[in-house]
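Have a look at the structure below before the remarks.
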Amino acid sequence: MIVTIDGPAGTGKSTVARQLADRLGFEFLNTGAMYRAVALACLRRGVDPAADAAADAVAAQLSIRFAHHRLLLNDEDVTEAIRQPEVSHAASQVAAIPAVRARLVELQRGAAEGIDLVTEGRDQGTVVFPEAECKFFLTASPEERALRRQRELAEQGQDIQLEEILQQQTERDDRDLNRTVAPLKPAIDAEILDTSHMPLAEVLDHLERRVRAVRP
Ligand code: DC
């Protein structure tokens, strides 16, 4: 069984997806981390992450895999490295390249074969797993999403102004929403959930109930 969770950054998607997978005993796939891995490899090699052919040539040479919730890029653990702000920016650039997307979509489908999976991203319900039995699309107001991001960064010791976070977030949202391939949008059969005023446990309870109604 496949459960898809899509939506913009800052909606609590990753945390919800990981914990929902734990509750259900399913595997968990964080597809944003895969775009981040390609972006990191481009930056390290001095390749422009917005240059279609060059970025795809980098992607073609990579081994990207997850082990125990860590992301391994050519067997190096890059779980923390891919969270840097410059990688976030570059990830939204490589994610707009059709050839890179085609490559990662293939990896994602391969990873789902024969297992029960909760997968999160932007296009999981629309493009990658259109046949998924349970689809969710999480939203939250831009201010609430930026606030959550600010708190997360503060926990890592980084003190960033809210305006700066909002500005970068708007820029990335625009790119994700307006790209020609697999733009960020809910699948027609996805349940849309505004998490602005919902505590994490409430979101999780709701999603778990929905999934168990399909697969008791
Ligand atoms: O969820 P995230 O912030 O880690 O995602 C990083 C970038 O990758 C972001 O710009 C959206 C993009 N992305 C995508 O286009 N498709 C996905 N399935 C997952 C992420």
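The values are calculated or read from the model by the stated rules, or taken from the named source; none is laboratory data. Given the structure is predicted, the values throughout are model-derived calculations rather than measurements. Heads up, the Cβs are rebuilt from the backbone with ideal geometry, glycines too, and the neighbour counts pull from every protein chain shown.
The table that follows gives values for the structure above.
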{"item": "Cβ pairs under 6 Å, 6+ apart, first in the range 152-163 and assigned to a helix (DSSP H, G or I), second surrounded by 10 or more Cβ atoms within 10 Å (Cβ to Cβ)", "result": "Leu153/Ile160; Leu162/Ala146; Leu162/Gln150"}
{"item": "Evaluation of Val181 against (1) in a loop (DSSP other than H, G, I, E, B); (2) in contact with a helix residue (DSSP H, G or I) (Cβ under 6 Å, 6 or more places away or on another chain); (3) within 18 Å of Thr11 (Cβ to Cβ) (one fails), failing number", "result": "(3)"}
{"item": "Residue satisfying all of: in the range 4-50; over 30 Å from His197 (Cβ atoms) and among the small types (Gly, Ala, Ser); surrounded by the fewest Cβ atoms within 10 Å (Cβ to Cβ) among these", "result": "Gly46"}
{"item": "Residue within the range 139-147 that is within 19 Å of the chain's Cα centre (by Cα), within 27 Å of Glu80 (Cβ to Cβ) and among the basic types (Lys, Arg) present", "result": "yes"}
{"item": "Number of the condition not met by Ala53 [criteria: (1) exposed (fewer than 14 other Cβ atoms within 10 Å of the Cβ); (2) hydrophobic (A, V, I, L, M, F, W, C); (3) in contact with a strand residue (DSSP E or B) (Cβ under 7 Å, 6 or more places away or on another chain)]", "result": "(3)"}
{"item": "Criterion violated by Phe66 - all others in (1) away from the ligand (no atom under 14 Å from the Cβ); (2) more than 25 Å from Gln158 (Cβ to Cβ) satisfied", "result": "(1)"}
{"item": "Every residue from the range 32-60 that is among the aromatic types (Phe, Trp, Tyr) and farther than 26 Å from Arg18 by Cβ", "result": "none"}
{"item": "One residue from Glu86, Glu131 being away from the ligand (no atom under 11 Å from the Cβ), out of contact with any Asp or Glu (no Cβ under 6 Å at 6 or more places or on another chain) and under 30 Å from Arg23 (Cα atoms)", "result": "Glu131"}
{"item": "Matching option when the condition is of a type in the set (A, V, I, L, M, F, W, C), farther than 28 Å from Ala140 by Cα and either out of contact with any Phe, Trp or Tyr (no Cβ under 7 Å at 6 or more places or on another chain) or away from the ligand (no atom under 12 Å from the Cβ) (or both), among Val16, Val58, Val38", "result": "Val58"}
{"item": "Some residue of the range 202-213 being in a helix (DSSP H, G or I) and closer than 24 Å to Pro85 by Cα", "result": "no"}
{"item": "Residue among Arg172, Arg145, Arg179, Arg149 that alone is surrounded by 15 or more Cβ atoms within 10 Å (Cβ to Cβ), within 16 Å of the ligand (Cβ to nearest atom), of a type in the set (D, E, K, R) and within 23 Å of Ala60 (Cβ to Cβ)", "result": "Arg179"}
{"item": "Criterion: within 13 Å of the ligand (Cβ to nearest atom) and either farther than 26 Å from Val58 by Cβ or hydroxyl-bearing (Ser, Thr, Tyr) (or both) - qualifying residue of Leu193, Leu138", "result": "Leu138"}
{"item": "Any chance Arg23 is farther than 22 Å from Pro85 by Cβ, away from the ligand (no atom under 16 Å from the Cβ) and at pLDDT 95 or above", "result": "yes"}
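Conditions (1) farther than 28 Å from Ala154 by Cβ; (2) more than 10 Å from the ligand (Cβ to nearest atom), marked per residue:
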residue	(1), (2)
Arg70	no, yes
Asp75	yes, yes
Ser92	no, no
Gly110	yes, yes
